[in-house]
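Report on the structure given below.
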Amino acid sequence: MGAAVLVAAAAWLSLLVGTQPITPADLVAALADPAAGSSAVVLHLRLPRTAAGLLAGAGLGLAGAVAQGLTRNPLAGPEVLGVNGGAAFAAVVAISLVGVGPLGGYVWFCFAGAVLALAAVLAIATTGRGGATPVKIAMAGAAVSALLFSLTSAIVLRNHDLFERFRFWLVGSLTRADLPTVLQATPFLAAGAVLALALARPLDAAALGDDTARSIGARPAVVRGLAVVAIVVLAGTATAVAGPVGFVGLVVPHAARMLTGPAHVRVLPLSALLGALVLLMADVAGRVVLRPEEVQVGVTAAVLGAPVFLYLVRRRRVAWP
Amino acid sequence: MTATLRAGRVSLRVEPASVLLGAAAWAAALAVALYAVTVGDYPMPLSTVLDTLAGDGTLLTYDVVVRNRLPRALVGLLVGASLGMAGMVLQRIARNPLVSPDVIGVGAGASAGAVVMIVVVGAGAPAVAAGALTGAVAAAATVYAIAARGGFRGYQLVLVGIGVTALANAAASFLLTRSDRYAAKQAATWLVGDVAGRSWPDVLTVAAGLAVGAPMVLLLTRHLRLLELGDDIARALDGRIGTARAALVASAVGLTALATAAAGPIGFVALVAPQIVRRVLATQAAGLLPVAGVGALVVAAADLAARRLFSPDELPAGVLTAAVGAPVLLYLLVRVSRRNG
C-alpha cells in the first residue's frame, strides 16, 4: 500500500517538475480541458513521459525480480544478463538497416535481440564446471554487453542522422516518449507482468532446487522457459520505451526482498512498484540537479544504482566456483 | 632453454622462443603498419612512402604520409604495445587470465577522464592525456579500495570493476549528451576506441607512457615471477614484494591511461595479447617483448581491417577488437572455470 502511495506521489512530481514548472491547479485544468492552450506541456510532454517512466520502471523491476529468482543469483538483472544491450542493439539494427518506424515495428526486434543476448549469456555461464555461478553470469553478461555496445556504436557512428537520433536514447532517456509509444507498449508490458506474477509460486518452488521442486509437482524446465519469456518481454519493452537503462532491474528486487522477505508472491508486485518509483524519481532528479539542463535517466539510474551493486558485491562475498 | 644476460646488478633471463615470437610479431606488426600507410583515398606505392620518409617526397606526399598516415600507424603500434604489456602485468599479478585493464574499470575511467577534458574544457592533447591519467588512477584507486576490503580475491576485483565501469561509462555518456553535435561525435569514438585522425601529439602521449612504463615493467619482471607463486611464498622469498606489486600496478595503470588518452579505450587488446603469447609459447609467463609485439600487431591489423572491410566507410578499430576479443573472453571464462572447478 505504502509503495503504491509513493508511486502516485512520484508520478505527481513527475508531472509537475521540469524546466517549465506546472502548478497543481494548471495540471487539473489541463486534464479537465485538453483543448486549452496551456495544457500542451502537460499532455504532450509530461504525461507521456510520466507514463513511460511508470511502464519502463515497472517492467525493469519485475524483469529483475524474475531474473534473480530464475538464476538464484543476487547479481542478476536484465542489464547484467545482457538483455538491455541486446534489445538496444536490435532496435538500432531495425531502424538503421531495415528502416522500421516507431515502437510498434521495432519492439519485436527488441524481443529478438533480448532473447539472443540472454541465451548467449546463460549458455556461456552454464558451460563448464560449477554451472552458472553469479560471477560467471556477470562476466559473460559484461562481455556480451561490451560486444553489443561496440557493434551498436559501429552502426550509429556511420550515420549522422542516426547518431543524432540515438545518442540520447542509447544513454537511457524518457524525453522522447510520446503517447502513441506508451499506448503501444502497454499491452506488451501487461502481458509480461501477468506472466511474471503467475510465476510467483513456481519460482518459490524453484528456489528449493530442481529435485525438491520436482518432488512437489513443479516442472523446473517449463518454469525456466516461461521466466525467460517474461524477462525478455518486460525488459525488451522497457528498453524500447526508455533505452537501455541499467541498475533499476538489479537493485530494486533487493529492496523489495528487504521489505517483504523472499516469497515471490510479495516480491514481484513490490518490485514492479519500486521499479516505477525508482525510475520516476531518477528522472525527476535528473530534471532538477543541473537546471536548466536535464540529466538522462540512464545516467541518474547508474549513479544511484552502481554503488548499490558494489555494496552487494562486497556484502555477498560472491565466491568463484 | 634460457640464457641470462647480465649488466651490473640487472640481470635478464632471455628465452629464445620468446625472443623469436617477439621478433616475428613486431616484424608482422611493422609490415601491416607500413602497408596501411600505402592505402587510403590516395593510394601510394611503397617506394613513394619510403622516399617520402627519407626526405625525397613532394609536398603532397609529405602531407599524406607524414602528417596524416604515419601518426595513425604509430599510435596503433604503440597503443597495442602498451595495452598488451599492461594486460600481461595485471593478469600475472592477479593470477587470473580474465583480469585486464578494461575488465577492472581502468580503461573506462581513462576514457571518462578524456571525455571530460574534450567536452567540458575543450582541451588539446596534453590536457586530454592528463584527464585520462586522472580518470584511470581514480578508477583504479576506487576498485582497489573497494575490493581490498573484501579480502582482495581475484573475482571480486572483476565484479567491482564491472560496477566502476558502469559508473564511468554513465559519466562519459552523460557528457556526450550535453555536448554539441560535432563534439559529441568526436567524443563518441572515445567510448569505443579509434586510431583514425590521430596526430603527432597523440604519438608523443602514448610514447611517453611507454618510455616510463616499459622500463619499469622490465626491471620488475623478476618480481612478477615471484608474485605468481602466491602472496605467502612471494613474501617469504622477498619481504619488499608489496612495493614491487604497487609499482607494477602503477605502471600498468599508467600504460593503459596514456594509451587510452591517445586512442580511446581500444577494448580487449590487453586481454587477448597475453593470451595469444601464452598459448603460442605454451608457458604461463608471457614475455614483455612478444606481448608488446602481439598487442601492436592486433591493433594495427584491426585498424587496417576496419578501414578496408567496409570501404568506403570506416569503422573505429575498437569495434573490431571488441568483435574479436569478446568471444575470446567468453571462451576463457568457460575454460578457466572448467579448470578451477
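The values are calculated or read from the model by the stated rules, or taken from the named source; none is laboratory data. Fair warning: this is a prediction, and the values are worked out from it, not measured in the lab. Because the Cβ atoms are built from the backbone with ideal geometry, glycine has one as well, and the counts that use them run over all protein chains shown. All accessible areas refer to the heavy atoms of the entire protein, side chains included, with ligands and DNA or RNA removed. Shrake-Rupley method; radii C 1.70, N 1.55, O 1.52, S 1.80 Å.
Can you tell me which residue in segment B:268-298 is most open to solvent (accessible area, probe 1.4 Å), limited to those that are part of a loop (DSSP other than H, G, I, E, B) and of a type in the set (A, V, I, L, M, F, W, C)?
Per the criteria, the residue is B:Ala282.
What helices (runs of 4 or more DSSP H) lie completely within segment A:248-321 and have 3 or more residues being more than 17 Å from A:Leu54 (Cα to Cα), touching a helix residue (DSSP H, G or I) at 6+ places or on another chain (Cβ under 6 Å) and within 14 Å of chain B (Cβ to nearest Cβ)?
On the way: elements: A:248-260, A:264-288, A:297-316.
The qualifying helices (runs of 4 or more DSSP H) are A:297-316.
State whether the residues of segment B:239-247 include one that is surrounded by 16 or more Cβ atoms within 10 Å (Cβ to Cβ), in a helix (DSSP H, G or I), facing chain A (nearest Cβ under 8 Å) and under 22 Å from the mean Cα position of the chain (by Cα).
Taking every residue of segment B:239-247 in turn, none turns out to be surrounded by 16 or more Cβ atoms within 10 Å (Cβ to Cβ), in a helix (DSSP H, G or I), facing chain A (nearest Cβ under 8 Å) and under 22 Å from the mean Cα position of the chain (by Cα).
Could you check segment A:209-218 and list, in sequence order, the residues that are surrounded by 14 or more Cβ atoms within 10 Å (Cβ to Cβ) and not in a helix (DSSP H, G or I)?
Once the filter is applied, which keeps residues that are surrounded by 14 or more Cβ atoms within 10 Å (Cβ to Cβ) and not in a helix (DSSP H, G or I), segment A:209-218 yields only A:Ala218.
Restrict the check to segment A:229-239 and report whether at least one residue is away from chain B (no Cβ under 14 Å), open to solvent by 40 Å² or more (accessible area, probe 1.4 Å) and either within 26 Å of A:Tyr106 (Cα to Cα) or not hydrophobic (A, V, I, L, M, F, W, C) (or both). Outline the logic, then answer.
Going through segment A:229-239, the residues away from chain B (no Cβ under 14 Å) turn out to be A:229-239.
Those left that are additionally open to solvent by 40 Å² or more (accessible area, probe 1.4 Å): A:229.
Filter once more, so that each one left must be either within 26 Å of A:Tyr106 (Cα to Cα) or not hydrophobic (A, V, I, L, M, F, W, C) (or both): A:229.
Within segment A:229-239 (the criterion being away from chain B (no Cβ under 14 Å), open to solvent by 40 Å² or more (accessible area, probe 1.4 Å) and either within 26 Å of A:Tyr106 (Cα to Cα) or not hydrophobic (A, V, I, L, M, F, W, C) (or both)), the answer is yes, since at least one residue qualifies.
Read through the list (1) in contact (Cβ under 8 Å) with a residue 60 or more places away in the chain; (2) within 16 Å of the chain's Cα centre (by Cα); (3) closer than 25 Å to A:Ala119 by Cα; (4) surrounded by fewer than 23 Cβ atoms within 10 Å (Cβ to Cβ), then give the number of the only condition that A:Ala185 fails.
Here A:Ala185 meets the rest and fails (4).
Say we look at segment B:326-341 and pick out the residues that are open to solvent by less than 10 Å² (accessible area, probe 1.4 Å) and more than 7 Å from chain A (Cβ to nearest Cβ); which of these is modelled with the highest pLDDT?
Within segment B:326-341, the match that is modelled with the highest pLDDT is B:Leu332.
So, in segment A:164-173, of the ones that are within 28 Å of A:Leu122 (Cβ to Cβ) and touching a helix residue (DSSP H, G or I) at 6+ places or on another chain (Cβ under 7 Å), which residue ends up nearest to the other protein chains (Cβ to nearest Cβ)? Talk me through it step by step, then tell me what you get.
Of the residues in segment A:164-173, the ones within 28 Å of A:Leu122 (Cβ to Cβ) are A:166, A:169-172.
Now narrow it down to the ones that are touching a helix residue (DSSP H, G or I) at 6+ places or on another chain (Cβ under 7 Å): A:166, A:170-172.
Working: A:Phe166: 10, A:Leu170: 7, A:Val171: 4, A:Gly172: 9 Å.
Selected residue: A:Val171.
Which residue is most open to solvent (accessible area, probe 1.4 Å), if the candidates are limited to segment B:179-193 and must be more than 9 Å from chain A (Cβ to nearest Cβ) and within 21 Å of the chain's Cα centre (by Cα)?
Quick first cut of segment B:179-193, residues more than 9 Å from chain A (Cβ to nearest Cβ) only: B:179-180, B:182-183, B:186-187, B:190.
Filter again for within 21 Å of the chain's Cα centre (by Cα), leaving B:186-187, B:190.
Details: B:Gln186: 88, B:Ala187: 0, B:Trp190: 16 Å².
Top of the filtered list is B:Gln186.
Working carefully through the options B:Trp190, B:Trp200, find the one that is within 19 Å of B:Gly113 (Cα to Cα) and among the aromatic types (Phe, Trp, Tyr).
Values: B:Trp200 fails: within 19 Å of B:Gly113 (Cα to Cα).
When all the criteria are applied, what remains is B:Trp190.
Being more than 20 Å from the chain's Cα centre (by Cα) and either open to solvent by less than 20 Å² (accessible area, probe 1.4 Å) or within 21 Å of A:Leu122 (Cβ to Cβ) (or both), is that true of even one residue in segment A:303-316? Outline the logic, then answer.
Just the residues of segment A:303-316 that are more than 20 Å from the chain's Cα centre (by Cα), to begin with: A:311, A:313-316.
Filter once more, so that each one left must be either open to solvent by less than 20 Å² (accessible area, probe 1.4 Å) or within 21 Å of A:Leu122 (Cβ to Cβ) (or both): A:313, A:316.
Checked against the condition, which is being more than 20 Å from the chain's Cα centre (by Cα) and either open to solvent by less than 20 Å² (accessible area, probe 1.4 Å) or within 21 Å of A:Leu122 (Cβ to Cβ) (or both), segment A:303-316 yields at least one hit.
So which of A:Arg176, A:Arg201, A:Arg167 is open to solvent by 60 Å² or more (accessible area, probe 1.4 Å) and part of a helix (DSSP H, G or I)?
A:Arg201
Select, from B:Ala196, B:Ala183, the only residue that is at pLDDT below 90 and touching a Pro at 6+ places or on another chain (Cβ under 9 Å). Break it down into steps so the answer makes sense when it comes.
Numbers: B:Ala183 fails: touching a Pro at 6+ places or on another chain (Cβ under 9 Å).
Unique residue meeting the criteria: B:Ala196.
Please state which of the following conditions A:Ala193 fails to meet, knowing it meets all the rest: (1) open to solvent by 20 Å² or more (accessible area, probe 1.4 Å); (2) out of contact with any Lys or Arg (no Cβ under 8 Å at 6 or more places or on another chain); (3) free of Cβ contacts under 8 Å to residues at least 60 places away in the same chain.
(3)
Go through segment B:307-325 and give me each residue that's more than 9 Å from chain A (Cβ to nearest Cβ), within 19 Å of B:Val75 (Cβ to Cβ) and either over 15 Å from the mean Cα position of the chain (by Cα) or not in a helix (DSSP H, G or I) (or both).
Within segment B:307-325, B:Arg307, B:Arg308 meet the criteria.
Return yes when B:Ala252 is under 24 Å from B:Trp190 (Cα atoms), assigned to a helix (DSSP H, G or I) and either open to solvent by 10 Å² or more (accessible area, probe 1.4 Å) or of a type in the set (Gly, Ala, Ser) (or both) and no when it is not. Break it down into steps so the answer makes sense when it comes.
On the way: under 24 Å from B:Trp190 (Cα atoms): yes; assigned to a helix (DSSP H, G or I): yes; either open to solvent by 10 Å² or more (accessible area, probe 1.4 Å) or of a type in the set (Gly, Ala, Ser) (or both): yes.
The answer is yes for B:Ala252.
If a residue must be modelled with pLDDT of 85 or more and either of a type in the set (A, V, I, L, M) or closer than 24 Å to B:Ser311 by Cβ (or both), how many such residues does segment B:38-53 contain? It would help to see each step written out before you state the result.
Kept after step one, since they are modelled with pLDDT of 85 or more, are these residues of segment B:38-53: B:38-39, B:44-53.
Among the residues that remain, those that are also either of a type in the set (A, V, I, L, M) or closer than 24 Å to B:Ser311 by Cβ (or both) are: B:38-39, B:44-50, B:52-53.
Of the residues in that region, 11 qualify.
Confirm whether A:Pro269 is crowded, with 22+ Cβ neighbours inside 10 Å and farther than 23 Å from B:Thr177 by Cα.
Details: crowded, with 22+ Cβ neighbours inside 10 Å: yes; farther than 23 Å from B:Thr177 by Cα: yes.
Yes.
Is there a residue in segment B:60-67 that is among the aliphatic types (A, V, I, L, M) and surrounded by 24 or more Cβ atoms within 10 Å (Cβ to Cβ)? So that I can check it myself, show each step before the final result.
Let us first name the residues in segment B:60-67 that are among the aliphatic types (A, V, I, L, M), namely B:60, B:64-66.
Now drop any that are not surrounded by 24 or more Cβ atoms within 10 Å (Cβ to Cβ), which leaves none.
Among the residues of segment B:60-67, not one is among the aliphatic types (A, V, I, L, M) and surrounded by 24 or more Cβ atoms within 10 Å (Cβ to Cβ), which makes the answer no.
Which numbered condition trips up A:Leu226, out of (1) open to solvent by 60 Å² or more (accessible area, probe 1.4 Å); (2) modelled with pLDDT under 90?
Of the numbered conditions (1) open to solvent by 60 Å² or more (accessible area, probe 1.4 Å); (2) modelled with pLDDT under 90, the odd one out for A:Leu226 is (2).
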